Amino acid sequence: MNWESILTQTFSQGFGTQAVVFALAAIGLNIHFGYTGLLNFGQVGYMAAGAYGLGMTVYWLDQSFWLGIVMGIIYCLVLTLVLGIPTLRLRADYLGIATIAASESIRLFVRSRGQRTRTGASEGINDFADPFFDLNIFNKPGSQSYRFFYWEYRAGDLWVMLIGWTVVALCLLITWQLMRSPWGRVLKAIREDEDAARALGKNAYAYKLQALALGGVIGGLAGMFQVIRTQSVQPDTFNPTITFMIWAVLIIGGVARIWSPVVGAMIFWAAISGLEAFLRELIRSDWELFGDTIGVHAERFLNLTVQNVSQVKFMVFGMTLMLLMRFRPQGIFGSREEMALDDR
Amino acid sequence: MTDNSNDADFVPGITAGGGGAGAATDIEHHNPIEGVFDDVAWEVGVAKPDPILKATKVSRKFGGLTAVDVDYLEVQRGSITALIGPNGAGKTTFFNLLTGFDEPTTGSVSLNGETIDKVPSHKLASKGMVRTFQLTKALSKLTVVENMKLGAKDQPGESMFKALFSPLWKGREDAVEQQAREVLDRFNMTHMAEEFAGTLSGGQRKLVEMARAIMTDPELVMLDEPMAGVNPALTQSLLGLVKQLRSEGRTVIFVEHDMDVVRDISDWVVVMAEGKIIAEGPPESIGENQAVVDAYLGSHHDEDLEFDEDGNTTTETGEATFSVNAKTDSEVSE
Ligand SMILES: Nc1ncnc2c1ncn2[C@@H]1O[C@H](COP(=O)(O)OP(=O)(O)OP(=O)(O)O)[C@@H](O)[C@H]1O
Ligand SMILES: [Mg+2]
């Protein structure tokens with residue numbers, strides 16, 4: 001058992017670039033669902049909008065990376081109008097259906113062959129983020145790897161993390177300020193009862209559109225970091241599973257709590273990566289049971305090998321999530337009393 | 001009107017320390033529209049001296065069912081008008097039509113002489129109209145005081161961009177907070193200010209909803225069964241509060257099933273049955289009205305409708321005229 005490798009995976013990924021991406025996406029979802037009560041089952045669609053806004057500007061329009069960031073935000077605002085205008089006057093579930101459909105439509109559209117000159121189709125867009133990495137202050141001659149106790153990162157990832165966590169901090173600050181303001185109070189009122197808010201003179205439709213836009217743009221930033229960290233925009237990065245992982249992140253932390261998305265994302269990635277490393281090490285280990293190693297048992301009974309063990313982590317994680325829902329449905333930061341108010 | 005409108009920024013009649021049921025009883029006897037209805041005929045669709053709200057040919061169909069079919073109704077400014085009628089008469093639906101929460105199939109509504117048919121419901125609050133709901137809508141995960149503050153008007157912090165900068169809204173917020181606590185005091189709810197509204201009992205939620213509506217400083221308050229599920233003692237202080245609204249010059253329309261309550265506080269009563277207004281008049285006129293009695297006893301469809309003692313017929317077209325011993329026909333005619 002190589003415990004050091006397991007711990008390194010756990011700690012590094014807990015604060016790594018993936019955690020940045022999911023923290024941002026979940027901050028957006030928290031604004032949608034946690035504070036405004038908007039059912040968004042297609043947050044990955046916003047990530048795709050941000051990512052392709054950036055990638056297509058560089059690849060198709062041949063413009064600068066920095067303009068691409070702006071375009072990514074604009075794509076997210078356009079997506080908000082497309083999703084919001086027809087559905088936000090209707091019952092909450094209509095938005096839910098529209099978001100899930102839109103996110104899949106986006107993925108299928110950008111990967112279609114006809115779009116090759118614009119989106120790169122299934123090959124995607126690669127090496128478009130050089131201007132970002134040119135600024136990397138962690139670049140150094142020789143080894144590009146940094147290590148600090150159990151934390152180990154490449155220089156490029158460190159740079160993404162520095163900028164990424166800064167953006168996360170900014171988004172948290174904005175969310176915190178907005179949610180303690182009268183604007184945030186109106187959002188919460190709309191979440192609780194839209195008709196009551198309207199009777200008191202609040203334009204629920206406009207507020208919901210604003211909240212959808214804000215959370216969507218933050219989701220778009222998540223998508224941009226996702227493609228910057230790999231220097232590659234791939235359509236299949238943006239599959240519906242991602243949306244549900246973002247929901248898991250939010251639920252672990254607890255909805256409508258400011259720190260939930262960040263702590264949820266850290267725990268999620270630490271757990272997923274640690275679990276995978278642990279299972280891998282377990283199969284490789286020389287621990288024996290009834291005369292055979294665990295790896296032999298795993299292959300014989302479960303057909304599990306080092307190659308496919310990484311899928312098991314999602315099963316275990318799913319189980320854990322179910323236990324969490326059973327014993328701590330409010331998540332880490334949520335309050336059970338507050339949650340119980342829904343049932344009265 | 002009242003002696004305590006000392007701060008222009010405040011809801012009139014609400015002053016620091018002056019709240020509570022005690023204060024309410026001091027002024028509840030004062031009725032600024034005393035005598036206004038003296039010359040108004042007791043008939044459906046009659047014109048009022050100074051109407052704040054007018055509904056013309058308002059109807060609403062749900063498929064084959066005509067839930068509301070009101071020919072003409074005026075509501076007197078500054079009065080307490082009760083809307084009564086059996087279950088399913090269409091009172092709530094009519095409320096929804098008047099407040100923009102539902103669109104009439106036909107007809108038109110005007111507030112202060114201005115047509116509000118195309119005005120979305122959220123804009124009516126700034127035009128001075130506010131409503132509560134039959135099924136109480138307390139905002140569960142907001143505290144009681146946050147519920148109150150939501151009602152306040154002119155809060156710049158409710159704009160997304162101004163919200164980012166506290167100094168732009170902090171001042172108004174402090175004023176609103178003070179105002180909220182004063183209204184709570186008036187409703188004897190101060191001790192619950194910091195509780196989540198979702199933890200309150202049904203009756204307490206009714207109070208929160210009504211108090212929150214008053215925070216909008218409305219000209220016209222529309223209450224859908226405000227006393228339902230409220231205990232008798234509390235009902236008494238609520239009645240006092242409603243009268244206080246009138247003495248502040250506000251107009252109140254409320255739906256109520258309890259005839260004692262209706263008799264106690266209303267200046268004018270409108271009776272609905274099967275979507276139509278079948279009678280209008282001061283409270284004392286209603287109990288003796290044959291159309292009303294029929295509607296409540298369910299003999300409305302009976303072909304052999306009886307004539308009341310003055311010989312007026314009660315027809316299904318909603319044109320039931322009625323008069324009772326207190327007045328003669330000549331006094332009643334327009
Ligand atoms: N959304 C709707 N769809 C179909 N029918 C409706 C709808 N809303 C109300 N109705 C019907 O319209 C009629 C009037 O209902 P409404 O709720 O206005 O009655 P009400 O006078 O408020 O009764 P209550 O005193 O019981 O509150 C009822 O027959 C009801 O079934
Ligand atoms: Mg009703």
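Quick check: is even one residue across the range A:133-144 crowded, with 21+ Cβ neighbours inside 10 Å and of a type in the set (Lys, Arg)? Break it down into steps so the answer makes sense when it comes.
Here is the first cut: in the range A:133-144, the residues crowded, with 21+ Cβ neighbours inside 10 Å are none.
So far as the range A:133-144 goes, no, none of its residues is crowded, with 21+ Cβ neighbours inside 10 Å and of a type in the set (Lys, Arg).
Take the residues in the range B:276-293 that are touching a helix residue (DSSP H, G or I) at 6+ places or on another chain (Cβ under 8 Å) and modelled with pLDDT of 85 or more; name whichever of them is nearest to ligand 1 (Cβ to nearest atom). Let's see the steps before the verdict.
Here is the first cut: in the range B:276-293, the residues touching a helix residue (DSSP H, G or I) at 6+ places or on another chain (Cβ under 8 Å) are B:278-279, B:282-284, B:286-287, B:292.
Retained after the next criterion (residues that are modelled with pLDDT of 85 or more): B:278-279, B:282-284.
Working: B:Ile278: 13, B:Ala279: 15, B:Pro282: 21, B:Pro283: 18, B:Glu284: 23 Å.
If we take residues in the range B:276-293 being touching a helix residue (DSSP H, G or I) at 6+ places or on another chain (Cβ under 8 Å) and modelled with pLDDT of 85 or more, then B:Ile278 is nearest to ligand 1 (Cβ to nearest atom).
Of all residues in the range A:31-64, count the ones that are touching a residue at least 40 places away in the same chain (Cβ under 8 Å) and either basic (Lys, Arg) or in a loop (DSSP other than H, G, I, E, B) (or both).
To start, the set of residues in the range A:31-64 that are touching a residue at least 40 places away in the same chain (Cβ under 8 Å) comprises A:31-56, A:58-60, A:64.
Narrowing further to those that are either basic (Lys, Arg) or in a loop (DSSP other than H, G, I, E, B) (or both): A:36-42, A:60, A:64.
So the answer is 9.
Pairs, please: C-beta under 9 Å, at least 6 apart or cross-chain, first residue more than 7 Å from chain A (Cβ to nearest Cβ) and in the range B:114-126, second open to solvent by 80 Å² or more (accessible area, probe 1.4 Å) and not in a helix (DSSP H, G or I)?
Filtered contacts from the range B:114-126: B:Asp117/B:Glu103.
Has the range A:324-331 got any residue that is closer than 22 Å to A:Ile242 by Cα, of a type outside the set (Phe, Trp, Tyr) and within 14 Å of chain B (Cβ to nearest Cβ)? Explain how you work it out, then say what you get.
Keep residues of the range A:324-331 that are closer than 22 Å to A:Ile242 by Cα, which gives A:324-325, A:329-331.
Still in the list and also of a type outside the set (Phe, Trp, Tyr): A:324-325, A:329-331.
If we keep only those that are within 14 Å of chain B (Cβ to nearest Cβ) too, we end up with A:330.
Yes: one or more hits.
Here is a check on your reading of the model: is A:Leu67 touching a residue at least 60 places away in the same chain (Cβ under 8 Å), part of a helix (DSSP H, G or I) and in contact with a helix residue (DSSP H, G or I) (Cβ under 8 Å, 6 or more places away or on another chain)?
Values: touching a residue at least 60 places away in the same chain (Cβ under 8 Å): no; part of a helix (DSSP H, G or I): yes; in contact with a helix residue (DSSP H, G or I) (Cβ under 8 Å, 6 or more places away or on another chain): yes.
Against the criterion (touching a residue at least 60 places away in the same chain (Cβ under 8 Å), part of a helix (DSSP H, G or I) and in contact with a helix residue (DSSP H, G or I) (Cβ under 8 Å, 6 or more places away or on another chain)), A:Leu67 does not qualify.
Please name all residue pairs, on different chains or six or more residues apart, with Cβ atoms under 8 Å, provided the first residue is in the range B:130-153 and is at the interface with chain A (Cβ under 8 Å from one of its Cβ atoms) and the second residue is aromatic (Phe, Trp, Tyr) and open to solvent by 10 Å² or more (accessible area, probe 1.4 Å).
From residues that are at the interface with chain A (Cβ under 8 Å from one of its Cβ atoms), the pairs are B:Arg131/B:Phe101; B:Ser140/B:Phe196; B:Lys141/B:Phe196; B:Leu142/B:Phe196.
Please state which one of B:Lys61, B:Lys57 is within 16 Å of ligand 1 (Cβ to nearest atom), over 17 Å from the mean Cα position of the chain (by Cα) and at pLDDT 50 or above. Lay out the reasoning, then the answer.
Working: B:Lys57 fails: within 16 Å of ligand 1 (Cβ to nearest atom).
Step by step, each of B:Lys61, B:Lys57 is checked, and only B:Lys61 is within 16 Å of ligand 1 (Cβ to nearest atom), over 17 Å from the mean Cα position of the chain (by Cα) and at pLDDT 50 or above.
Could you check the range B:249-264 and list, in sequence order, the residues that are surrounded by fewer than 20 Cβ atoms within 10 Å (Cβ to Cβ) and either more than 16 Å from ligand 2 (Cβ to nearest atom) or within 14 Å of chain A (Cβ to nearest Cβ) (or both)?
B:Gly249, B:Met259, B:Asp260, B:Arg263, B:Asp264
Counting only residues that are closer than 18 Å to B:Ile52 by Cβ and β-branched (Val, Ile, Thr), which one in the range B:106-116 is nearest to ligand 2 (Cβ to nearest atom)? Give the steps one after another, and end with the answer.
Filtering the range B:106-116 down to residues closer than 18 Å to B:Ile52 by Cβ leaves B:107-116.
Now drop any that are not β-branched (Val, Ile, Thr), which leaves B:109, B:115-116.
Numbers: B:Val109: 18, B:Thr115: 25, B:Ile116: 21 Å.
This residue is B:Val109.
Could you pull out the residue among B:Thr136, B:Thr99, B:Thr105 that is over 21 Å from B:Val221 (Cβ atoms) and more than 11 Å from ligand 1 (Cβ to nearest atom)? If you could, list the steps in order and put the result at the bottom.
On the way: B:Thr136 fails: over 21 Å from B:Val221 (Cβ atoms); B:Thr99 fails: over 21 Å from B:Val221 (Cβ atoms).
Going through B:Thr136, B:Thr99, B:Thr105 in turn, the sole match is B:Thr105.
Working only within the range B:12-50, note down all residues that are open to solvent by 30 Å² or more (accessible area, probe 1.4 Å), modelled with pLDDT of 50 or more and not charged (D, E, K, R).
Matches in the range B:12-50: B:Ile27, B:His29, B:His30, B:Pro32, B:Gly35, B:Val36, B:Val44, B:Ala47, B:Pro49.
Please tell me if B:Gly240 is small (Gly, Ala, Ser) and either open to solvent by 10 Å² or more (accessible area, probe 1.4 Å) or closer than 30 Å to B:Ala89 by Cβ (or both). Break it down into steps so the answer makes sense when it comes.
On the way: small (Gly, Ala, Ser): yes; either open to solvent by 10 Å² or more (accessible area, probe 1.4 Å) or closer than 30 Å to B:Ala89 by Cβ (or both): yes.
So B:Gly240 passes the test.
Among the residues of the range B:85-108, is there at least one that is open to solvent by 40 Å² or more (accessible area, probe 1.4 Å) and among the basic types (Lys, Arg)?
No, there is no match, as no residue in the range B:85-108 is open to solvent by 40 Å² or more (accessible area, probe 1.4 Å) and among the basic types (Lys, Arg).
Looking only at residues in the range A:118-137 that are of a type in the set (S, T, N, Q) and not in a loop (DSSP other than H, G, I, E, B), which one is farthest from A:Ala51 (Cα to Cα)?
Initial filter on the range A:118-137 (of a type in the set (S, T, N, Q)): A:119, A:122, A:126, A:136.
Those still in the list that are not in a loop (DSSP other than H, G, I, E, B) too: A:119, A:122, A:126.
Working: A:Thr119: 11, A:Ser122: 15, A:Asn126: 12 Å.
Restricting to residues being of a type in the set (S, T, N, Q) and not in a loop (DSSP other than H, G, I, E, B), the top hit is A:Ser122.
Every residue in the range B:211-240 that is within 11 Å of chain A (Cβ to nearest Cβ) and within 16 Å of ligand 2 (Cβ to nearest atom), please.
Hits for the range B:211-240 are B:Met222, B:Asp224.
Taking the residues in the range B:184-204 that are assigned to a helix (DSSP H, G or I) and at pLDDT below 90 as candidates, determine which candidate is farthest from the other protein chains (Cβ to nearest Cβ). It would help to see each step written out before you state the result.
Of all residues in the range B:184-204, those assigned to a helix (DSSP H, G or I) come to B:184-186, B:190-192, B:197-199, B:202-204.
Checking which are at pLDDT below 90 leaves us with B:186, B:202-204.
Numbers: B:Arg186: 18, B:Gly202: 10, B:Gly203: 14, B:Gln204: 12 Å.
Once the filter is applied, the top-ranked residue is B:Arg186.
Hey, B:Phe161 hits all of (1) touching a strand residue (DSSP E or B) at 6+ places or on another chain (Cβ under 9 Å); (2) within 10 Å of another protein chain (Cβ to nearest Cβ); (3) not in a loop (DSSP other than H, G, I, E, B) but one; which does it fall short on?
(1)
So how many residues does the range B:210-237 have that are more than 16 Å from ligand 1 (Cβ to nearest atom) and closer than 23 Å to B:Gly128 by Cβ?
Number satisfying all stated conditions: 12.
What pairs can you find where one residue is in the range A:274-291 and closer than 27 Å to A:Ala19 by Cα, the other is hydroxyl-bearing (Ser, Thr, Tyr) and surrounded by 20 or more Cβ atoms within 10 Å (Cβ to Cβ), and their Cβ atoms are less than 6 Å apart, with a gap of 6+ or different chains?
A:Gly274/A:Thr10
The values are calculated or read from the model by the stated rules, or taken from the named source; none is laboratory data. What you are looking at is a predicted structure, and each value in this text was computed from that prediction instead of being measured. All Cβ positions, even for glycine, are placed from backbone atoms using ideal geometry, and neighbour counts span all protein chains on display. Each accessible area value is taken on the protein alone, full model and side chains, heavy atoms only, with ligands, DNA and RNA left out. Shrake-Rupley method; radii C 1.70, N 1.55, O 1.52, S 1.80 Å.
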